[in-house]
Amino acid sequence: MQEAGSAPRPFLNTEFNETSPAVSPDGRFIADSSDESGRPEVYVRPWPGPGTRYQVSTAGGTGALWSKDGRTLYYAEWDVMMEVGIATTPAFQAAQTVKLFSGKFGWARPGNSDVTADRTRFVMIEMLRGAEAPDLRVVTNWLAEIRTKLP
């Protein structure tokens with residue numbers, strides 16, 4: 001944790017891509033995705049650390065999402081939504097992963113999915129099949145361009 005008035009410091013600082021962090025509801029663990037193994041996998045570690053890092057996914061994984069009670073972790077294994085039971089007391093333990101459903105959803109992006117408190121429904125963005133992604137245009141020095149168009 002960062003004390004008031006102290007300089008920010010990184011939680012993780014590795015040569016790998018660590019993405020999509022999700023803090024457990026009790027604030028004791030953080031789940032994220034890392035490509036350290038050569039493909040993205042979901043890991044859980046104590047927050048704010050230090051402590052043992054646990055690999056939760058077994059065949060790739062991104063977009064970790066905790067249930068509201070912290071007893072279940074969901075993640076995307078490519079186009080499949082996976083579920084794994086989690087116990088955090090007396091120590092961290094992950095159960096066998098279970099396939100829930102598959103589809104083209106945007107769940108691997110933070111904030112693109114959520115699960116109801118009773119864990120019976122998901123809210124997520126469905127990716128349109130066959131639709132092309134819109135162009136992304138980045139304009140640099142845009143203020144200077146606007147000034148040239150003003151009288």
Hits in segment 97-120 (condition: out of contact with any Ser or Thr (no Cβ under 9 Å at 6 or more places or on another chain), part of a loop (DSSP other than H, G, I, E, B) and modelled with pLDDT of 85 or more): D118
Flagged pairs (Cβ under 6 angstrom, 6 or more apart or on separate chains; first in segment 56-77, farther than 13 Å from A94 by Cα; second surrounded by 17 or more Cβ atoms within 10 Å (Cβ to Cβ) and aromatic (F, W, Y)) are G61/Y75; G63/Y75; G63/W107; A64/Y75; L65/Y74; A76/W107
Given the criteria closer than 20 Å to F105 by Cβ and out of contact with any Ser or Thr (no Cβ under 6 Å at 6 or more places or on another chain), does P21 qualify? yes
Of T88, T58, T52, the only residue that is within 17 Å of the chain's Cα centre (by Cα) and among the polar types (S, T, N, Q) is T58
Please enumerate the residues belonging to segment 2-43 that are at positive phi and either more than 17 Å from the chain's Cα centre (by Cα) or touching a residue at least 40 places away in the same chain (Cβ under 8 Å) (or both). G5, S20, G38
Strands (runs of 3 or more DSSP E) fully within segment 26-89 counting 2 or more residues that are at pLDDT 90 or above and in contact with a helix residue (DSSP H, G or I) (Cβ under 9 Å, 6 or more places away or on another chain): none
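The values are calculated or read from the model by the stated rules, or taken from the named source; none is laboratory data. Predicted model, so just to flag it, every value in this text is computed and none were measured. Backbone-built Cβ (ideal geometry, glycine too); neighbour counts: all protein chains shown.
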